[in-house]
1. State the extension gain, in nm to one decimal, for the chain segment bounded by Gln209 and Asp35, taking 0.36 nm per residue of separation less the distance between their alpha-carbons.
2. Between Asp271 and Asn116, what is 0.36 nm times their sequence separation minus the Cα-Cα distance? Round to one decimal in nm.
3. What does the charge add up to near Met185, with Lys and Arg as +1, Asp and Glu as -1, over the other residues with Cβ less than 12 Å from its Cβ?
4. With a cut-off of 16 Å, note down the residues of region 217-231 whose backbone N falls inside the zone around a label point 7 Å from the Cα of Arg28 toward its beta carbon.
5. Measure off 7 Å from each Cα along the Cα-to-Cβ vector at Ala325 and Ala94, then give the distance between these two points in nanometres to one decimal.
6. Using 0.36 nm per residue, how much length does the chain from Ser247 to Arg153 gain when fully extended, once their Cα-Cα distance is taken away?
7. For an R0 of 56 angstrom, estimate the FRET efficiency from the Cβ-Cβ distance between Thr144 and Glu64 and round to the nearest 0.05.
8. Just how large is the dipole of the chain about the Cα centre, in debye to the nearest 20, putting +1 at every Lys and Arg Cβ and -1 at every Asp and Glu Cβ?
Amino acid sequence: MSKQTTIFAAAVPLAMLAATACEAQVARTPWGDPDLQGLWSNATLTPLQRPDALGDKAFFTPEEAEAYVAERIEATNADRTIGQTGSVGSYNDAWFDRGNSIVPTLRTSLIVDPANGKVPPFTPEAQQQHEANLVYSQEHPVDTPADRFLTERCIVFGGGAAPLFPEPYNNNYYIVQTPDYVTIMAEINHEVRIIPIDGRPHFPEHITQWTGDSRGYWDGDTLVVETGNQKTNRFFYGVQMLNSVMSDQFSVVERFTRTAPDQIRYEATIDDPAVFTAPWSVEIFMHPQEGVLVEYACHEGNYGLTGMLSAARAEERRAAEAESAEQ
């Protein structure tokens, strides 16, 4: 994977992106819907939230974008930490896929609403729960499998459910359409969302799933997907927002628009009124990829989790034996 810095010739304003949609709309399925099919990636170096140092700066200049990309590629190079004191090692940098550029609009964050590029504050009740979660995680890091991240348990990753946040690697999605369904398969953990677009109702509220209950429809040439009924879990958000809070009111509205032959604009609005003081929205761009998806086999749940649990029990036994010996 190349780590060369992308040279930005100019920022791409949203109006220009919208204008290119007319050309992209020529690509349609045999039954007339806009064709979103194929292998796409949403890898990007643009952070979810705007870095504090950028203040109210919503867009980079091309020169600033080039410098930021170079800095992020260097800072996230996994090979820099291998062999350092205290490091147990990880994948080397060749396995990561954060992308080589930021979003084409040159925004400084994936969050476009609120205007400050930040996730809105928690409600007072959610803030209290969040702080309690942090304390519990510190005091009970591995009492049971449920104390560990969903990713470590191979249950669900941030890229497998709405919203489609970029991960450090495996940011590919394969989209297949029929007149009645749109199917999105995430490379990471090979999660598949089968989204009916035939007007059927959502599941009853008491039926929850890790990826939620998605229903879609076409709004002109934009695919709109509404998702609710997701199982609540403080580790749901993947690497972007570990140790967050989530309620049974959590919902996501996604919008997929083919803005160019080589681009899908992905927009998502996250709403959880029991947790966030306001809804918030992201804008991410997906670009076509060559090749095919191969199986992503998550083995942390088979081996790593067993090791963590057994090691924790061994430490507890040694502590108890040491305490008994002192008495």
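1. 59.9 nm
2. 54.1 nm
3. Net local charge, Met185 excluded: -2.
4. 218-223
5. Result: 4.6 nm between the two label points.
6. 31.7 nm
7. So, using R0 = 56 Å, E works out to roughly 0.75.
8. With only Lys, Arg, Asp and Glu charged at Cβ, the dipole is about 280 debye.
Coordinate-derived values only; no laboratory data. Bear in mind the structure is a predicted one, so any value in this text is a computation, not a measurement. As a convention, Cβ positions derive from the backbone with ideal geometry for all residues, glycine included, and neighbour counts pool all protein chains shown.
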